[in-house]
Amino acid sequence: MSTSATTITLPRASAGGRVTQARVAVSEWTKLRSLRSTRWTLLATAVLTIGFGIIASAVTSSRWATMSAAEKATFDPLKTSLLGVNFGLLAIGVLGVLMITGEYSTGMVRSTFAAVPKRLPVLWAKAGTYSLVALALAIPSTLIAFFVSQGLLSSHHIQIAFSHPGVPGAVLGSALYLTLVGLFGLGIGAILRNTAAAISAFVAIMFVVPPLIEILPSSLANSIEQFLPSKAGGAIMQLGHQAHTLSPWAGLALFAGYAAVTLAAAAVLLVRRDV
């Protein structure tokens, strides 16, 4: 994370001021918004989330007449419009990692912990601030991706209405999924404290392990795959309970549990380590 931006105001800026969670949160918000990397990464998240869903829908619409009967029968307009969420995960997760590893790489974390000796308020402020920013970005991104995509598909009458049972939950749940992925990345970054190691771990967990599991015998792979973080969280983008997957909200709840456990482990390590 670049530190070339404006000077960061720490919670003890005022003489005799008491460190409160609100002041720490303001400090973390100042750090987040003052870095150019934040704006570019959030922009990448929105572009990927919206763009890939629209592209997939446009391609499907253009070749619908030449698609086979089997392809048409298995076509899922909801899943197609939310395809970009799978790509936005990478950008928003990486920014979650950078939220804390950037301070370790520059040494700024020492000043932060000098101002907030209890340390945990820093982690909670980072998590709270980032979750609000991520959610504020993710909700309009998934909504735009859905409505524009369905508009493209409507030319062949293969769209799905937002009022269809389960669709609002899938679209808004996908925004929650993106937000939770950001917190998951933040937790990994706080545990490993190294940008390269944390991003590598995040990518391995979310993108590398699932294809490796598919190499296993089908019976074993099917029993394991549904509980992987990316598969569990991604279940929210489907309608109903499909074979070898968790139900949408059960899957998202499991991923929320993964994020919570990661942040809890980060909190324990944060108070036990010297820095």
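Considering only residues of the stretch 251-275 that are among the small types (G, A, S) and in contact with a Leu (Cβ under 7 Å, 6 or more places away or on another chain), which is nearest to V116 (Cα to Cα)? Taking the candidates together, the pick is A267.
Considering the stretch 159-175, and only residues there that are in contact (Cβ under 8 Å) with a residue 60 or more places away in the chain, part of a helix (DSSP H, G or I) and small (G, A, S), the residue that is nearest to L78 (Cα to Cα) turns out to be A170. One residue stands out in the stretch 144-158 among those that are open to solvent by 50 Å² or more (accessible area, probe 1.4 Å) and assigned to a helix (DSSP H, G or I): the one that is farthest from A22 (Cα to Cα), namely H156. Would a scan of the stretch 40-49 turn up a residue that is modelled with pLDDT under 95, in a loop (DSSP other than H, G, I, E, B) and open to solvent by 70 Å² or more (accessible area, probe 1.4 Å)? Scanning the stretch 40-49 turns up no residue that is modelled with pLDDT under 95, in a loop (DSSP other than H, G, I, E, B) and open to solvent by 70 Å² or more (accessible area, probe 1.4 Å).
Taking the conditions (1) touching a residue at least 60 places away in the same chain (Cβ under 8 Å); (2) surrounded by fewer than 24 Cβ atoms within 10 Å (Cβ to Cβ); (3) hydroxyl-bearing (S, T, Y) in turn, S62 satisfies each one other than (1). When you check A232 against the structure, is it without any contact (Cβ under 8 Å) to a residue 40 or more places away in the chain and under 23 Å from A267 (Cα atoms), yes or no? So A232 does not fit the description; no.
Each residue in the stretch 59-75 was checked for being part of a helix (DSSP H, G or I) and closer than 19 Å to Q238 by Cα, and 4 pass. Taking the residues in the stretch 82-121 that are within 30 Å of L48 (Cβ to Cβ) and free of Cβ contacts under 8 Å to residues at least 40 places away in the same chain as candidates, determine which candidate is most open to solvent (accessible area, probe 1.4 Å). Selected residue: F87. Would you mind stating whether A136 is open to solvent by 60 Å² or more (accessible area, probe 1.4 Å) and over 21 Å from the mean Cα position of the chain (by Cα)? The answer is no for A136.
Of the residues making up the stretch 159-171, those that are under 30 Å from L186 (Cβ atoms) and surrounded by 17 or more Cβ atoms within 10 Å (Cβ to Cβ) are V167, A170, V171. Among the residues of the stretch 188-228, those that are part of a helix (DSSP H, G or I), of a type outside the set (A, V, I, L, M) and closer than 20 Å to K126 by Cβ comprise G189, T195, F202. Of all the numbered requirements in (1) of a type outside the set (S, T, Y); (2) over 17 Å from the mean Cα position of the chain (by Cα); (3) open to solvent by less than 20 Å² (accessible area, probe 1.4 Å), G187 misses one, and that requirement is (2). When the stretch 82-136 is filtered for residues that are under 30 Å from G169 (Cβ atoms) and outside any helix (DSSP H, G or I), the ones remaining, listed by number, are L82, L83, G84.
Can you tell me which residue in the stretch 13-31 is farthest from P140 (Cα to Cα), limited to those that are hydrophobic (A, V, I, L, M, F, W, C) and modelled with pLDDT under 90?
To start, the set of residues in the stretch 13-31 that are hydrophobic (A, V, I, L, M, F, W, C) comprises 13, 15, 19, 22, 24-26, 29.
Next, only the ones that are modelled with pLDDT under 90 stay: 13, 15, 19.
Working: A13: 35, A15: 41, V19: 34 Å.
Of everything passing the filter in the stretch 13-31, A15 is farthest from P140 (Cα to Cα).
The values are calculated or read from the model by the stated rules, or taken from the named source; none is laboratory data. Everything numeric in this text was worked out from a predicted model, so none of it was measured. Cβ sites come from the backbone with ideal geometry, for glycine too, and all protein chains shown count toward neighbours. When the accessible area is computed, the model is the full protein with side chains, heavy atoms only, and any ligands, DNA or RNA have been set aside. Shrake-Rupley method; radii C 1.70, N 1.55, O 1.52, S 1.80 Å.
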